[in-house]
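My structure is below; once you've seen it, I'll send some questions.
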Amino acid sequence: MILVVGGSGRLGSSVANRLHRRGLAVCVLSRGLAANPGTLDGGVEVVQGDVRDPASLVAPMEGVDVVVSAIQGFAGRGGVTPQSVDRDGNIHLIDAAERAGADMVMLSVIGASAGSGMELMRMKFAAEQRLRSGSCQWTILRSDAYAETWIGLLEQTAGRSGKPRVFGRGDNPISWVSVEDVAAVVERAVVDNSLRGRVLELCGPEPETLTRLAEMVMAHHGWTGTPKNVPRSMLHLMANTVGRIKPELGRQSRAALAMDTLPTSHDAALRREFPDLPCTPVSQVVARRIVIPE
Ligand SMILES: NC(=O)c1ccc[n+]([C@@H]2O[C@H](COP(=O)([O-])OP(=O)(O)OC[C@H]3O[C@@H](n4cnc5c(N)ncnc54)[C@H](OP(=O)(O)O)[C@@H]3O)[C@@H](O)[C@H]2O)c1
């Protein structure tokens, strides 16, 4: 049995369906709160649980061979935080997987480190360290920003004006990766034991700035004009005012500031080792979007 924690999310639902279509028994653990839950195949079982509550993980872990952790507490419902979900929630999952004798495939982020300026990256790194020093057989998959997530965000902020918001300078090339490409690697990691003990880093093949991505989204939808910039001074102000009352807004403002300066990632070594892995350019992800006529 494969337990996909976060299997109601964008990546997790794709992973759960892929594994189910391989004929594996798949169970998704969810709090049942997702606003737009990913569509799960009929045969995928769903159990309720919250990674912040270790007791809720005991029963779902029975008979599990591999746990996939596709959770995030950077944004979302239920008062989640990177500390309570990406660090402590993952640690609860690792404890439970160890007791059950299960392997673990954990999603992390490129740039995860103890000294990062971004809380999410520090919390993911702490979970990685706990996994690596424990008794589970593990695989860690770090990836760059998901193309579909950011395209969706640009479409959402464009609203009726047709002018997506670009937070910060938006001039730093980012190697956006398709969530389907990430899901394909997770699927491989679940079924291929030779990937245990490996930290894999995955990104997309076509680095583009956030401004360019916004322009691509506009062109695809037939929106005219230029994207709207939210200047860095405004992001600093938001982080230090409303961000103190609404921590999620503070995190998002700080993340937008960081995205202006993060190094552009490359994954040539992984691609050489696994030439058959899907490698979708971000322009293709945009082109595949469904345009709903006005
Ligand atoms: N999006 C990106 O750009 C990006 C980039 C690099 C790495 N990643 C990593 O990839 C993974 C998947 O990301 P995503 O964007 O696909 O996520 P997503 O769509 O936002 O889904 C997040 C999932 O986390 C689950 N979750 C949150 N808090 C939970 C809790 N307390 N207990 C149990 N489940 C909880 C949610 O389940 P319920 O709400 O149903 O409980 C949901 O299924 C995450 O580990 C993320 O850090 C994402």
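Can we say Asp50 is at pLDDT 95 or above and in a loop (DSSP other than H, G, I, E, B)?
When the stated conditions are applied, Asp50 passes them.
Quickly run through segment 250-267 and pick out the residues that are among the β-branched types (Val, Ile, Thr) and in a helix (DSSP H, G or I).
none
Sticking with this one: Among what's in segment 19-43 and is at pLDDT 95 or above and assigned to a loop (DSSP other than H, G, I, E, B), pick the residue that is farthest from the ligand (Cβ to nearest atom).
The residue in question is Gly23.
Can you tell me which residue within segment 227-253, out of those that are at pLDDT 95 or above and among the charged types (D, E, K, R), is nearest to Pro281 (Cα to Cα)?
Per the stated criteria, the residue is Lys228.
Among the residues of segment 165-217, write down those that are assigned to a helix (DSSP H, G or I), of a type in the set (Ser, Thr, Tyr) and within 30 Å of Asp65 (Cβ to Cβ).
Matches in segment 165-217: Ser194 only.
Determine whether segment 71-86 contains at least one residue that is within 13 Å of the ligand (Cβ to nearest atom), assigned to a strand (DSSP E or B) and not assigned by TED's automatic domain parsing to the domain that holds Ala256.
no
For the subset of segment 159-206 comprising residues that are within 16 Å of the ligand (Cβ to nearest atom) and of a type in the set (S, T, N, Q), which member is farthest from Gln137 (Cα to Cα)?
Once the filter is applied, the top-ranked residue is Asn172.
Thr149 passes all but one of (1) within 13 Å of the ligand (Cβ to nearest atom); (2) over 30 Å from Val286 (Cβ atoms); (3) surrounded by fewer than 18 Cβ atoms within 10 Å (Cβ to Cβ); which number fails?
Every listed condition holds for Thr149 apart from (2).
Every residue in segment 236-256 that is surrounded by fewer than 19 Cβ atoms within 10 Å (Cβ to Cβ) and among the hydrophobic types (A, V, I, L, M, F, W, C), please.
Matches in segment 236-256: Leu237, Val242, Ile245, Leu249.
If only one of Val199, Val186 is surrounded by 22 or more Cβ atoms within 10 Å (Cβ to Cβ) and either more than 20 Å from the chain's Cα centre (by Cα) or in contact (Cβ under 8 Å) with a residue 24 or more places away in the chain (or both), which one is it?
Checking each option against the conditions leaves just Val186.
From Val64, Val105, Val68, grab the single residue that is buried (at least 24 other Cβ atoms within 10 Å of the Cβ), touching a residue at least 40 places away in the same chain (Cβ under 8 Å), of a type outside the set (Gly, Ala, Ser) and more than 10 Å from the ligand (Cβ to nearest atom).
Val105 is the lone residue from the list that is buried (at least 24 other Cβ atoms within 10 Å of the Cβ), touching a residue at least 40 places away in the same chain (Cβ under 8 Å), of a type outside the set (Gly, Ala, Ser) and more than 10 Å from the ligand (Cβ to nearest atom).
Taking the criterion of being surrounded by fewer than 21 Cβ atoms within 10 Å (Cβ to Cβ) and either more than 13 Å from the ligand (Cβ to nearest atom) or part of a loop (DSSP other than H, G, I, E, B) (or both), would at least one residue in segment 1-9 satisfy it?
yes
The values are calculated or read from the model by the stated rules, or taken from the named source; none is laboratory data. All of these numbers come straight from a predicted model, not from anything done at the bench. With ideal geometry, Cβ positions are generated from the backbone for all residues, glycine too; neighbour counts draw on all protein chains shown.
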